[in-house]
1. Can you run down the residue pairs with Cβ atoms below 6 Å, 6 or more apart or on separate chains, where the first is in segment 1-25 and in contact (Cβ under 8 Å) with a residue 24 or more places away in the chain and the partner is open to solvent by 70 Å² or more (accessible area, probe 1.4 Å) and of a type outside the set (Phe, Trp, Tyr)?
2. What are the residues in segment 9-49 that are outside any helix (DSSP H, G or I), among the acidic types (Asp, Glu) and open to solvent by 70 Å² or more (accessible area, probe 1.4 Å), if any?
3. Go through segment 33-61 and report how many residues are touching a Leu at 6+ places or on another chain (Cβ under 7 Å) and among the basic types (Lys, Arg).
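The values are calculated or read from the model by the stated rules, or taken from the named source; none is laboratory data. The shown structure was predicted, so the numbers you read here are calculated from the model rather than taken from an experiment. Methodologically, a virtual Cβ is constructed for each residue, glycine included, from the backbone with ideal geometry; neighbour enumeration extends over all protein chains shown. Note: accessible area is taken over every heavy atom of the protein model, side chains too, but ligands, DNA and RNA are not part of it. Shrake-Rupley method; radii C 1.70, N 1.55, O 1.52, S 1.80 Å.
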Amino acid sequence: MLATLMALRSKLPPLDFRNMIGKGNKDYIKAVQAGMERNYQPMEKVFASVIRKTLRVRERK
């Protein structure tokens, strides 16, 4: 919910997290684990993917 709120405050639409199902969920868990070791690059990739998908879906409407 925090990520969605941050997106809305940045003038983005509500984030589309559907790609977090299946393999995306595994990538997210790995990114969380990397973040615990102060390696935030995997989480940046996860959210960049979520934002790209959100914007692509929005453009189709």
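1. Correct list of pairs: Pro13/Arg58.
2. Glu37
3. So the answer is 0.
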